[in-house]
1. Looking only at segment B:215-266, count every residue that is touching a Ser or Thr at 6+ places or on another chain (Cβ under 6 Å) and surrounded by fewer than 20 Cβ atoms within 10 Å (Cβ to Cβ) and tell me the total.
2. Does B:A197 qualify as being crowded, with 24+ Cβ neighbours inside 10 Å and closer than 29 Å to B:T137 by Cα?
3. Scan segment B:542-553 residue by residue and report those that are under 44 Å from the mean Cα position of the chain (by Cα) and either open to solvent by less than 40 Å² (accessible area, probe 1.4 Å) or among the aliphatic types (A, V, I, L, M) (or both).
4. Given the structure, is A:L242 open to solvent by less than 60 Å² (accessible area, probe 1.4 Å) and without any contact (Cβ under 8 Å) to a residue 40 or more places away in the chain?
5. Would you check which residues across segment B:621-677 are out of contact with any Leu (no Cβ under 8 Å at 6 or more places or on another chain) and without any contact (Cβ under 8 Å) to a residue 40 or more places away in the chain and list them?
6. What is the residue count in segment B:511-527 for residues that are at negative phi and open to solvent by 10 Å² or more (accessible area, probe 1.4 Å)?
7. Would you pick out the residues in segment A:213-233 that are open to solvent by less than 20 Å² (accessible area, probe 1.4 Å) and under 19 Å from A:A177 (Cβ atoms)?
Amino acid sequence: MQYHSPASFEDAVGIAASADGTTRFLAGGTDVLVQLRADVFTPDVLIDVKNIEGVKDIVCEDGGWRIGAAVSGAEMSENAELARQWPGLVEAMDLIGSTQVQGRATLVGNLCNGSPAADSVPAMFAADVSANITGPNGERRVAVSEIPVGPGKTSLEKGEVITALHIPQRGDNAADAYLRFIPRTEMDIAVVGCAVNLRLDGDTISEARVSLGAVAPKVLLVDEAAQAIIGTSLDENALNALAAAASAACNPINDKRGTIKFRTHVAGVLARRAAKIAYDRVRASK
Amino acid sequence: MALDDKKNGEFKVVGTRPNRPDGVDKVTGRARFGADVSAPGMLHAAIVRSPHAHAKILKIDTSRAMASKDVKAVVTRADFAEGLEGDDLNVLENVMAGEKALYDGHAVAAVAATSPLAARDAAKLIDVTYEILPHVTDVDKAMAKDAPVIREGAADKSVPPGLHPNVVRYHESGHGDVEEGFAQADLVIEDSFVTEAAHQGYIEPHACLAQLDADGKGEVWCCTQGHFNVQKICAKLVGTDASQIRVTASEIGGGFGGKTAVFIEPVALALSRKTNRPVKLVMSRAEVFRATGPTASTSMDIKIGMTSDGKITAGQGTFRLQGGAFPGAPMEFTAMCAFAPYNLENVFQVGYDVMSNRPKQAAYRAPGSPMAAFAVESVIDELCSQLGLDPIEVRLMNASKEGTKASYGPRFDRIGLVETLEAAKAHPHYSAPLAEGLGRGVSCGFWFNHGGETAVTLALSEDGTAALSVGTPDIGGSRASMCQMVAEELGIPYEKIRTTVADTATLGYNEVSHGSRVTYASGLAAINASRDAVEKLCGRAAAKWGIDPEAVYWDSGYAKPSGPNAGDFEPLALADITKNMGATGGPIVGHFEATPEGAGVSFATHIVDARVDKETGKTSVERYTVVQDAGKAIHPTYVEGQYQGGAAQGIGWALNEEYIYGEDGRLQNANFLDYRIPVASDLPMIDTVIVEVPNPGHPYGVRGVGETSICPPLAAIANAVSGAAGVRLKQLPMSPPRILEALDVQANG
Amino acid sequence: MSMIHVSTTINGDEAEFLCDPRETLLDVLRDKLALTGAKEGCGTGDCGACSVTVDGRLVCSCLVLGAEAQGKSITTVEGIAEGESLHPLQEKFIEYAALQCGICTPGILVATKALLEKNPDPTETEVRYWLAGNLCRCTGYDKIIRAVMDTAADLRKAS
């Protein structure tokens, strides 16, 4: 394995595009190095992006936020304004791994690992986060929901790298929430994850996005679940319809972490609970 | 050596809480554990392991690995001793597979190379050709008629005819007539229970550094609960004399029974012999899970009868234990412990030791007992619940006492079960109001405790200080308690004594640190060795004073004439005698070499409050109290630590820890991510009550404390969870999907 | 395979080493620099026994490459005590018997020191969640949590 630590994304892309064999980009390394040590996957070329200018940025931009590719979970949690505007997204990131992992793990890495159980990804789907991608054929910007395509797989082309993520403008009367189910209180991979992002008009939900993790080969954006609560004030009927729609969207597997039946049921439970938290957050902010 | 009654209540050092002697080393990172040493010219080893649960090994091709300049040697089964039999052959077979790989992770070859990375790379270049065989990993399936046979002829003579060859040992015990007992009962409950294998989960993987020369002389440094056992086994497996191998026990990063077995030291020795260089071998975490012993998994049937006022009229249990690909699952302990807390006229228990394609089970803290308690105490809880009786009152009514004929045969000596139950009943936890959504569970637990071969020496120094050498690795702070007992006897300050875990060349044979035996047996040995030294000190004083040695006694660090008739002499302090001991007869050393037989059995009662989220099946343990008889707590803080640690491990086993095998017979969760031991945020503070009912078999009354603490938690938590969920949980771990499933079955049939 | 030359600072001392690109910071500390205080309990970031700080940030050294240490400042358990005096956390861990076998202790001390520097007055729950990535199999955490809480109280009084 070769290790490179380029000073620009241009150089990084150049190394990746011309690499013999497999390539991985290294930001926090909390997935890449685990795979290396466990002999799951050893790339031929490892490109550390942390010495590139701007990768540690958390900046307000166009009313929203630009999060650099190497910003760690701990750095996000420490940004009080970001956490105030996007509590669900910041908490989702914060739930990943231990304090030690938070010192390294990144949003971009969580996305590019391609796990359907990644905690931050449903929250990014719900928040409608987009990614800046640079590669041999130039730059492009795509919705994060376009990036995962299956377990461990993304839509990024060879040589492409995500340079930053853009979180949209928060706007008024809006909030998000993320919940996951794990058997312990910490340190587990989500058995089910659910993010809800809402905007209210008075007491009525005017906009909603609901996303589920770990219940299908990739993270889902569940429009039926969103439609179940739009136009409602999250009454019991709306919550029941939300839970039913969330459960109906599940297409999970039986594995060591959970059963199909369990995941399908708990997806509905979490959708209800996350929606209530988001809803209460909006009302509390008024 | 029996209980020394005059000692009771007069202790000066015993019962206090001094700082442990190895504390500074442990908090500064200087303490040297198994993987923390190096030797000049050292090679690094890696083991090649079977990816198959059951397979014939057709060919091992080492040519690609040996082609690397970094690779210095490869060993396979051919590099180990031939002609071993019985248990020795079983150990070798587990250390390095012969004709068949018997489980996922079974060692089939090993390589030594110039760096850890080179060794790991080389292991991937060893090509093993397998013929895959049918496998079985479940205990009930392994006993079924059509189950694949792990190994023909492994059963011993105890097994009744007609059982599957995978049933390799059989046990039955009991007394009275259970059918008559059930006929006297007002309510009889019969139910079945299942527990999964749990791993000891020590944080330090197995590690060793070994050198074996062509003349058969060797050195081993390793993390183990018993270095004398390592010496004995290594000598047999590599074919040399035990006395030619010197084994030093490193600091040990947790064992809990799992480091009583030998896995890697003979492999490192064999590689060293082949390369004439020291070889370091360190397991990865995945190797620890795949190839070292978890506990046995079980399938159990329990039947208990009770009168309407709470008297147990009969108890019966069948215990099937799966112990991996070798005989040895502790089913007789499971059977014998099951009903031990209760004074029963009619009791009968049966055990089966069943082989399967899993790693050989290893001891785990009171091996076999926690599962039995889970099954029996769950049924007692259900009886109490259905009859409307208080669970502690019922246990008190039926409790074993001094003189009770134990369910496993002998009559109990002085025991402390009633005292733990009374203390639990009086504890504020038991009477605290139970909040909505919580369940409260209670359980008793029992463990035998053990003595075992023990040798120590106590060497006095010229300056009046003392060095105790013990042969039992310190797995929980025992060097502190040893120093306390010596200080108590010699009458010198705790700080003036140093206890060292000596290597195998220094002392006589010591059994491994298991069976909660160290504070009991090595402690008894330290006391005896101190008294031996005191006798010699008194002798020197007598010689100096020109009086009979019998006319001198030892009091609080001084030799004194025993009375006016003995003469009038200034008392001599220990240091006054040792400062010129070379001229008065030579070094003063106290000894003890024997096999103490008086380890007192011990009992515990636990109380736990648990909350169950009925929408997700998730359990949280909200309050936990351990009440246990320690006999005499030498260092109460470390006794509390044992209670808390056992409870925490029990919580993990009860709720989330399990070995998960796929259809392919491969272990699916060989890491700490998916083998879920409790983390700090999972647990409440764990309250402890130390009950002291002295053990008549120890001069200070000590009973072992390390193991009994894991016996009640599985049942206590199951009883709390069943109460909170409103449905009886009969399978461990009580993971969220299992709890939801039980609720679903209850609601929808 | 070509080795990478790395210059770094460890416990205040300048250090240089050559490492394979695949070697982790933990491998380097233990095998190249003889700093064996950090332990490998899992190699996958699940146990915390290898905890160190890199530029003040708590990490698992098994999830950092040796090559990434270039130009960084690293603190290990060996750097916690000052001269002859133990850090108050070290003193308190001994006094409270907040360790039994001691294998997790270096990682827990590094992690709790980082916590108290960030949050001098943590609640019990905050301590428990901060330490969730530091597995201890011996103690049930009770005495560890008490030792941390009591050290924090002492340090607040002293400051």
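1. Qualifying residue count for the region: 2.
2. yes
3. B:V552
4. Criteria met by A:L242.
5. B:G662, B:E663, B:Q668, B:L673, B:D674, B:R676
6. 5
7. Those that are open to solvent by less than 20 Å² (accessible area, probe 1.4 Å) and under 19 Å from A:A177 (Cβ atoms): A:G213, A:A214, A:V215, A:V219, A:V222, A:A225, A:A226, A:I229.
Results for (1) open to solvent by less than 20 Å² (accessible area, probe 1.4 Å); (2) within 14 Å of chain C (Cβ to nearest Cβ), shown as yes or no for each residue.
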| position | (1), (2) |
| --- | --- |
| A:C112 | no, no |
| A:D119 | yes, no |
| A:P136 | no, no |
| A:I147 | yes, no |
| A:G152 | no, no |
| A:E157 | no, no |
| A:A175 | yes, no |
| A:M187 | yes, yes |
| A:G202 | no, no |
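The values are calculated or read from the model by the stated rules, or taken from the named source; none is laboratory data. Source: prediction; values computed, not measured. So basically every Cβ, Gly included, is an ideal-geometry build from the backbone, and we count neighbours across all protein chains shown. These area figures cover heavy atoms from the full protein model, side chains too; ligands, DNA and RNA do not enter into them. Shrake-Rupley method; radii C 1.70, N 1.55, O 1.52, S 1.80 Å.
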